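Presented below is the structure to which this report refers.
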Amino acid sequence: MSHETQSTADLVNELRERRKRPPRRTDRATGIDPWVFGIAGAVALAMVLWGFIGSDSLGAFSADALSWTITHTGWLFVIAATVFAVFVIVVAFSRFGRINLGQDEEKPEFRTVSWISMMFATGMGIGLVFYGVGEPLYFYMAPPPGTVEGQTPEAAGVAMGTTLFHWTIYPWAMYAVVGLGIAYGTFRLGRSQLFSSMFTPLFGEKAVNGWGGRVINILAILATLFGSACSLGLGAMQIGGGLQSAGVIEQATTAILVMVIGILTLAFVASAVSGIARGIQWLSNINMVLALLLAVLVFILGPTLFVLNILPNAVGSFINDLPVMASRTGSGDQTMQEWLGTWTIFYWAWWMSWTPFVGMFIARISRGRTIRQFVVGVLLVPSAVSLVWFTIFGGGAIGIQERAEQAGDTGAQLASIVDGAPDINFDLILFDMLGALPMNQVLTLIVTGITVLLIAIFFVTGADSASIVMGTLSERGTTDPSRKVIIFWGLAVGGAAAAMLLAGGDEPAEALNGIKNITIVSALPFVLVMLLLCVAIWKDLRRDPLMLQDRIARQVLEDSVSIAVEKHPDSGFGLVTEAIAIQAARPRDADHDGVPDRLDAPVPAPEDPGPQEDPSPADAAHPGHRQEREDR
């Protein structure tokens, strides 16, 4: 029966059922799901073996698959990203926004300052370090097709606006969709933290606990695996660039990058086996301090005034160009298709593959907050971090490049145009920028070493967190997966990252393309999963106890007015209607179960006061005497 045709009694029964359902424990260890773990693990191992044994064939396959994906489904990525952003904003500022991600009177588990700090930490990662300088500078040299001419003041604004489009509201809207679904289902309804549990309102508990749910959890594990491997591959490439910049190695070949991944993966496994989780957490906090110090250093020693001027320009360009950026598709234009595959669609696929990991994290720290608070915080806080980071590093790089171009000093330029395209090595560009700052050689080496350490710690802690999420999905939603499962998925992430690099080839640019190709292709089925998730969340929220209460109150009021009109068609009934409305707002609850006993029962008629005694002669002569006695 649809909600629109339900009677008041049906709504009351549904409300009673939703409220009486006891919250189930979600932190109990339930053991490995052999089908989920077995199938996902087999796919991961096959991918790793393919990359090491037949890297050329894997590279060719991923390139062909990418071409088909971009040509036939590129539009789906573009539309889906906008759907997610609109969806979370509509939910936040609709009547659903006041729903608590917990029980009705539950307070936030973390103070707002702590919550924002943890959200800030989530906003930082290998991606910001890898693309912080290179992406804005690339777009300054070669803006998106059909926009402005490169290496102009207008190109600087377009470059920053396009970068913010990729790194602010849109990716965090994707994370918010998953985080909202997990937080609502876990803390409000007592479901498990399995990804599949969010689809209960669509398919029912039987299907979700069966093969349908297993398929969803397998897709979530594989998306997390390849998304994390992509990030770790980028981190290894940049560590290799740092070692090359410092003179430790002559060139960061693919073989050296695989060795870097192997060393860092072993470091993660050793930390997991020895149980030094607190040490990893301490390193994460230190990492945030290092990132902040690096940003302050670049801001002070770099083109500070240019950075301050480009900040409002970047925001204005993002807001002004958002409709155009959000609606770009291939549409038969081969140049635009290639650009989207390299940038926008790659990013949307990458973010979607990270949603199980980041979504689960932000859900865990958001218990007790309203949906409106959750969405606003998730969209704005990390977006502000990205804005500041890209303005300092990307804006600073554009300022250095522009100053060198105006002076005609080709040696001081960070990039140049070769064969019609920017010649930028993303592995080295951050270290090239640091080398352009007014620092002596010793200080430059120290800063380079700190940056390499920053990336390495991101690698280790990222593998740790992603492996825990995959372990949770493998063990039926437990928040404390077994150590052996965590180690397996940590090794799988490292192996997949190495395989993706090998599939790209020996050159860094080709290796980067290999990572992008596999990430986009692996994320395709997950787009459909997330679109279905939006429908499931909306259906769940419509049946929330708070929403049912509101609908019951409105329906009772409407029924009361209808009854009043029928009984008193020719007389005023304003006060009677008001009394009925008050009674409807505060219905009887004899059994104290939080649900009105009978909201659809007619309002009883006023009791008959019985026969009235005749007034005494004195009262008849002086009516005020009787009134005084009654008052007393």
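The values are calculated or read from the model by the stated rules, or taken from the named source; none is laboratory data. No experiment lies behind these values; they were computed from the predicted model shown. Methodologically, a virtual Cβ is constructed for each residue, glycine included, from the backbone with ideal geometry; neighbour enumeration extends over all protein chains shown.
Residues of the stretch 512-520 include at least one that is among the hydroxyl-bearing types (Ser, Thr, Tyr), under 27 Å from Leu76 (Cβ atoms) and either buried (at least 19 other Cβ atoms within 10 Å of the Cβ) or in the same structural domain as Gly227 (by TED's automatic domain parsing) (or both).
For the stretch 387-412, filtered to residues that are in contact (Cβ under 8 Å) with a residue 24 or more places away in the chain and charged (D, E, K, R), the residue that is surrounded by the most Cβ atoms within 10 Å (Cβ to Cβ) is Glu402. In summary, helices (runs of 4 or more DSSP H) completely within the stretch 1-99 and bearing 3 or more residues that are modelled with pLDDT under 95 and closer than 29 Å to Pro545 by Cα occur at 8-20.
Looking at Asp506, is it among the acidic types (Asp, Glu), closer than 30 Å to Gly204 by Cα, at pLDDT below 85 and not in a helix (DSSP H, G or I)?
no
Looking at Trp343, Trp339, Trp350 in this structure, which one is in the same structural domain as Gly377 (by TED's automatic domain parsing) and within 22 Å of Ser465 (Cβ to Cβ)?
Trp350
Test Gly190 against the stated conditions and say whether it is among the small types (Gly, Ala, Ser), surrounded by fewer than 20 Cβ atoms within 10 Å (Cβ to Cβ), part of a loop (DSSP other than H, G, I, E, B) and at pLDDT 90 or above. Break it down stepwise before answering.
Values: among the small types (Gly, Ala, Ser): yes; surrounded by fewer than 20 Cβ atoms within 10 Å (Cβ to Cβ): yes; part of a loop (DSSP other than H, G, I, E, B): yes; at pLDDT 90 or above: no.
No.
Within the stretch 197-245, restricting attention to residues that are more than 25 Å from Leu528 (Cα to Cα) and among the hydrophobic types (A, V, I, L, M, F, W, C), the residue that is surrounded by the most Cβ atoms within 10 Å (Cβ to Cβ) is Ala236.
Table: residues versus (1) touching a residue at least 60 places away in the same chain (Cβ under 8 Å); (2) in contact with an Asp or Glu (Cβ under 6 Å, 6 or more places away or on another chain); (3) under 22 Å from Ile79 (Cα atoms); (4) assigned by TED's automatic domain parsing to the domain that holds Arg403.
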residue: Tyr131; (1), (2), (3), (4): yes, no, no, yes
residue: Gly134; (1), (2), (3), (4): yes, no, no, yes
residue: Tyr138; (1), (2), (3), (4): yes, no, no, yes
residue: Glu149; (1), (2), (3), (4): no, no, no, yes
residue: Thr162; (1), (2), (3), (4): yes, no, yes, yes
residue: Trp167; (1), (2), (3), (4): yes, no, yes, yes
residue: Gly181; (1), (2), (3), (4): yes, no, yes, yes
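Results for (1) under 20 Å from the mean Cα position of the chain (by Cα); (2) among the hydroxyl-bearing types (Ser, Thr, Tyr); (3) more than 30 Å from Thr370 (Cα to Cα), shown as yes or no for each residue.
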residue: Ala183; (1), (2), (3): yes, no, no
residue: Thr200; (1), (2), (3): no, yes, no
residue: Lys206; (1), (2), (3): no, no, no
residue: Gly213; (1), (2), (3): no, no, no
residue: Ala229; (1), (2), (3): yes, no, yes
residue: Gly233; (1), (2), (3): no, no, yes
residue: Gly240; (1), (2), (3): no, no, yes
residue: Gly247; (1), (2), (3): no, no, yes
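Only a single criterion out of (1) touching a Cys at 6+ places or on another chain (Cβ under 9 Å); (2) part of a loop (DSSP other than H, G, I, E, B) is not satisfied by Lys107, namely (1).
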